[in-house]
Amino acid sequence: MFIYNDFLLSEILYYKIGGKAKVLLKIEKKEDLFQALDFIKKEKTKKILPLGLGSNILINDKFFDGVVLWFSMYQAVPGRVQSSGIKLIDDNVIEAFASEDLDDLIKFSFKNNLLGLEWAGGLPSTIGGAVRGNVGAFGGEIAGCVDAVEVFEVGQDGRFDRKLLKASELEFGYRDSLIKRSKDLLVVSATFKLQKASKEDIEKAKEVYQGHIEYRNKNHPMEYPSCGSVFKNVIKKEEVGKILNVWGDVKDLVENKWYNKASMGYIIDRLGFSGFAIGGAKVSEKHANYIVNFDNAKFSDVYSIIEKIKEKFYETFGFYPDPEVQIVS
Ligand SMILES: Cc1cc2nc3c(=O)[nH]c(=O)nc-3n(C[C@H](O)[C@H](O)[C@H](O)COP(=O)(O)OP(=O)(O)OC[C@H]3O[C@@H](n4cnc5c(N)ncnc54)[C@H](O)[C@@H]3O)c2cc1C
């Protein structure tokens, strides 16, 4: 386990925003996690923050007076560690450690003639982050192939209880899970049940995977640091109804294009925010649910834009949209 003191988080977070952490412990494998929990016990650490790739989190510029558990196969200096925590444990079941990249899991599944993850092409995530937030894209969701998840319930003193939760116990919902709602649960590893497939079908799945990467590169602002979608799409029937009461003309899009949800990218654009900037942050003109860091943005730049969008949204529809990004303010 590597220990870094006074570590500048903006160096490793996708957003390139975030202040220093008192201690950052680098976790690449289970033994590192045990050492990290020993460290927390000895130091009587009160604040713990797990991090994966940092692709869905906005952290303030202040000093974080606690321990960051950095689940990652990347290094603090550019580079990365060879993946070793992804294993085939049955004909169609793969086990992966929390720090592993989702993309490495997909490639590993293809190599073993297994299907079921191709929808996630181009989605930046660790296994831990993906399971916690039930990532999804292009009609797929990680919940669709999770078999079980090993979690540690960690107390402030570094003591922990190990639990193995079956998929049915994880209460997966749209970008949601039991883990996300329970502040003390760390994802340690997960098993994924996939479908065995012919070489031909695997080749087709690789094309789908590649197609999604190309779609993202073309339609999403990949040229700037971001956290992906800032807000969740609106899925509650009653809330979609409130939007339709004001904008009746989107009924067709809701029913025929957005699978009965309301697209936040569309709404933010129509509320007039595309290109809206504060300091070094702005709402992307390519995809309005992305707020990009185009010029050394501060936490407050992004946060102020989020607040402005929430206010205008509330004035228009009478309820607040739900942020997808994790905000540590
Ligand atoms: C360009 C871009 C495109 C994106 N596209 C999509 C998309 O299509 N669909 C989608 O769903 N998301 C998308 N996202 C968001 C992001 O990819 C996912 O939310 C991803 O799962 C975050 O994983 P991470 O490892 O980066 O987690 P982080 O951002 O590091 O952390 C996210 C949250 O998980 C917690 N966490 C991390 N690891 C653990 C662990 N081991 N145990 C417990 N808690 C943990 C953190 O404390 C934090 O609260 C996109 C992001 C970007 C930047």
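The values are calculated or read from the model by the stated rules, or taken from the named source; none is laboratory data. Remember, it's a predicted structure, so these values are computed and weren't measured experimentally. Note that we place each Cβ from the backbone using ideal geometry, even for glycine, and neighbour counts take in every protein chain shown.
Out of all the residues in the stretch 144-177, which are within 21 Å of residue 88 (Cβ to Cβ) and in contact with a strand residue (DSSP E or B) (Cβ under 8 Å, 6 or more places away or on another chain)? Talk me through it step by step, then tell me what you get.
Of the stretch 144-177, the ones within 21 Å of residue 88 (Cβ to Cβ) are 144-150, 164, 166-167.
145, 146, 147, 148, 149, 150, 164, 166, 167 - these are the residues of the stretch 144-177 that are within 21 Å of residue 88 (Cβ to Cβ) and in contact with a strand residue (DSSP E or B) (Cβ under 8 Å, 6 or more places away or on another chain).
Given the residues 232, 237, 166, 193, which is the only one that is touching a Pro at 6+ places or on another chain (Cβ under 8 Å) and among the charged types (D, E, K, R)?
Details: 237 fails: touching a Pro at 6+ places or on another chain (Cβ under 8 Å); 166 fails: touching a Pro at 6+ places or on another chain (Cβ under 8 Å); 193 fails: touching a Pro at 6+ places or on another chain (Cβ under 8 Å).
Of 232, 237, 166, 193, the one residue that is touching a Pro at 6+ places or on another chain (Cβ under 8 Å) and among the charged types (D, E, K, R) is 232.
Would you point out which residue out of 129, 133 is near the ligand (Cβ under 9 Å from one of its atoms), assigned by TED's automatic domain parsing to the domain that holds residue 209 and touching a Leu at 6+ places or on another chain (Cβ under 8 Å)?
Within the list 129, 133, the selection yields 129.
Could you tell me whether residue 199 is over 28 Å from residue 262 (Cβ atoms) and among the charged types (D, E, K, R)?
yes
Could you pull out the residue among 150, 169, 214 that is in contact with a Leu (Cβ under 9 Å, 6 or more places away or on another chain) and exposed (fewer than 14 other Cβ atoms within 10 Å of the Cβ)?
From the options 150, 169, 214, the qualifying one is 169.
Against the conditions (1) modelled with pLDDT of 95 or more; (2) out of contact with any Gly (no Cβ under 6 Å at 6 or more places or on another chain), where does residue 158 fall short? Just the number, please.
Result: residue 158 fails condition (1) only.
Read through the list (1) of a type outside the set (S, T, N, Q); (2) near the ligand (Cβ under 9 Å from one of its atoms); (3) assigned to a helix (DSSP H, G or I), then give the number of the only condition that residue 124 fails.
Every condition holds for residue 124 apart from (3).
Using the structure shown, decide if residue 144 is over 23 Å from residue 81 (Cβ atoms) and modelled with pLDDT under 95.
no
Being outside any loop (DSSP other than H, G, I, E, B) and either within 16 Å of the ligand (Cβ to nearest atom) or more than 17 Å from residue 210 (Cβ to Cβ) (or both) is the filter here, so list the residues in the stretch 100-113 that pass it.
101, 102, 103, 104, 105, 106
Assess whether residue 85 counts as being in contact with a Lys or Arg (Cβ under 7 Å, 6 or more places away or on another chain), within 13 Å of the ligand (Cβ to nearest atom) and on the phi < 0 side of the Ramachandran plot. Explain how you work it out, then say what you get.
On the way: in contact with a Lys or Arg (Cβ under 7 Å, 6 or more places away or on another chain): yes; within 13 Å of the ligand (Cβ to nearest atom): yes; on the phi < 0 side of the Ramachandran plot: yes.
Answer is yes for this residue.
Check 182, 189, 198 and return the single one that is away from the ligand (no atom under 13 Å from the Cβ) and in the same structural domain as residue 119 (by TED's automatic domain parsing).
Numbers: 182 fails: away from the ligand (no atom under 13 Å from the Cβ); 189 fails: away from the ligand (no atom under 13 Å from the Cβ).
The unique qualifying residue is 198.
Take the conditions basic (Lys, Arg), within 15 Å of the ligand (Cβ to nearest atom) and touching a residue at least 12 places away in the same chain (Cβ under 8 Å) and apply them to residue 62. Does it pass?
No; evaluated as a whole, the condition is false for this residue.
Quick check, is residue 55 within 11 Å of the ligand (Cβ to nearest atom), under 25 Å from residue 162 (Cα atoms), under 22 Å from the mean Cα position of the chain (by Cα) and of a type in the set (Ser, Thr, Tyr)?
For residue 55, the condition - within 11 Å of the ligand (Cβ to nearest atom), under 25 Å from residue 162 (Cα atoms), under 22 Å from the mean Cα position of the chain (by Cα) and of a type in the set (Ser, Thr, Tyr) - is not met.
If you scan the stretch 18-27, which residues turn out to be assigned to a loop (DSSP other than H, G, I, E, B) and within 12 Å of the ligand (Cβ to nearest atom)?
18
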